[in-house]
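Engineer: Below you'll find the structure I mean.
The values are calculated or read from the model by the stated rules, or taken from the named source; none is laboratory data. A quick note: this is a predicted structure, and the numbers were derived from the prediction, not measured. Counting neighbours? That spans all protein chains shown, and the Cβs are built from the backbone with ideal geometry, glycine included. With ligands, DNA and RNA removed, areas are computed over all heavy atoms of the protein, side chains included. Shrake-Rupley method; radii C 1.70, N 1.55, O 1.52, S 1.80 Å.
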Amino acid sequence: DEDAIALVRAEEIAATSLGDFTRAMALTDEHIALAVRAGRLRDECLGWNARAIVLYGQGQLGAARKAFEKSLELARATGWLRREAITLHNLTLVLTELGEYDAAFAGESLYGRLSVLMGNHAGLAEAPLVLASVELARGRLGEADKLIAAARKVAEANSWDMLLAWSRALCGRLRLQRYKQAADALELSRAKADFRAAIETYEER
């Protein structure tokens with residue numbers, strides 16, 4: 001069963017990456033069933049997380065949320081701190097799209113604290129960027145600006161190009177929202193520059 005789970009998980013990741021969601025979903029069913037049969041809670045936790053990612057990729061937000069919550073429950077039951085953090089991070093993305101901003105903010109804040117405990121230094125930039133996305137979604141532009149600046153400082157200090165690109169993209173969103181409020185052409189011009197800078201980095205990578 002251990003070998004079967006590992007092989008199913010490998011194909012599951014490949015199918016998801018290729019966008020073959022029908023095959024990936026069938027593999028998550030198999031993954032979870034094998035893990036339950038073997039009594040391997042951590043493998044079951046991974047199976048539910050994989051299922052949630054497939055559902056999220058298909059835009060099935062409600063089902064994705066339930067699957068991430070099941071994965072989170074199993075991570076906590078087994079004391080798997082790293083997986084708890086990753087699942088919280090993923091769940092935040094779903095909750096933000098569902099418009100549950102308070103729950104999203106709380107989950108990502110906990111992810112940030114767990115990242116510090118685990119020595120996941122990238123989380124010091126990732127968490128503020130996701131929190132900034134939540135604040136942008138609820139129109140709190142001043143708070144979002146502070147979070148983006150904090151993340152950018154950490155990303156620049158560590159030369160994390162992808163996180164810097166993400167911060168530029170969020171700056172673009174922030175400036176676009178300001179433009180919509182005040183019709184300041186300078187904000188629109190700066191937003192375009194931010195988006196183009198982010199695109200350039202993403203294309204290079």
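Engineer: Looking at region 62-165, what helices (runs of 4 or more DSSP H) fall wholly within it and have at least 2 residues that are hydroxyl-bearing (S, T, Y)?
Structural biologist: Here the list reads 81-97, 101-118.
Engineer: If R40 passes every condition in (1) surrounded by 20 or more Cβ atoms within 10 Å (Cβ to Cβ); (2) closer than 17 Å to R83 by Cβ but one, which one does it miss?
Structural biologist: That leaves (1) as the condition not met.
Engineer: Follow-up. Given the residues A169, A150, A165, A157, which is the only one that is surrounded by fewer than 23 Cβ atoms within 10 Å (Cβ to Cβ), without any contact (Cβ under 8 Å) to a residue 24 or more places away in the chain, closer than 23 Å to K192 by Cα and of a type in the set (A, V, I, L, M, F, W, C)?
Structural biologist: A150
Engineer: Further question: Starting from region 24-37, keep only residues that are under 12 Å from A6 (Cα atoms) and in a helix (DSSP H, G or I), then list their pairs with residues that are of a type in the set (D, E, K, R) and open to solvent by 60 Å² or more (accessible area, probe 1.4 Å) whose Cβ atoms are within a distance under 9 Å, requiring at least 6 positions of separation or different chains.
Structural biologist: L27/R9; L27/E11; H31/R9; L34/D1; L34/R40; A35/D1; A35/R42
Engineer: With A182, A125 as the choices, which residue is crowded, with 21+ Cβ neighbours inside 10 Å and modelled with pLDDT under 95?
Structural biologist: A125
Engineer: Ok, one more. Of the conditions (1) open to solvent by 40 Å² or more (accessible area, probe 1.4 Å); (2) within 18 Å of F68 (Cα to Cα); (3) of a type outside the set (A, V, I, L, M), S109 satisfies every one except a single condition; which number is it?
Structural biologist: (1)
Engineer: Could you check how many residues of region 11-23 are open to solvent by 60 Å² or more (accessible area, probe 1.4 Å) and assigned to a helix (DSSP H, G or I)?
Structural biologist: Counting residues in region 11-23 that are open to solvent by 60 Å² or more (accessible area, probe 1.4 Å) and assigned to a helix (DSSP H, G or I) gives 5.
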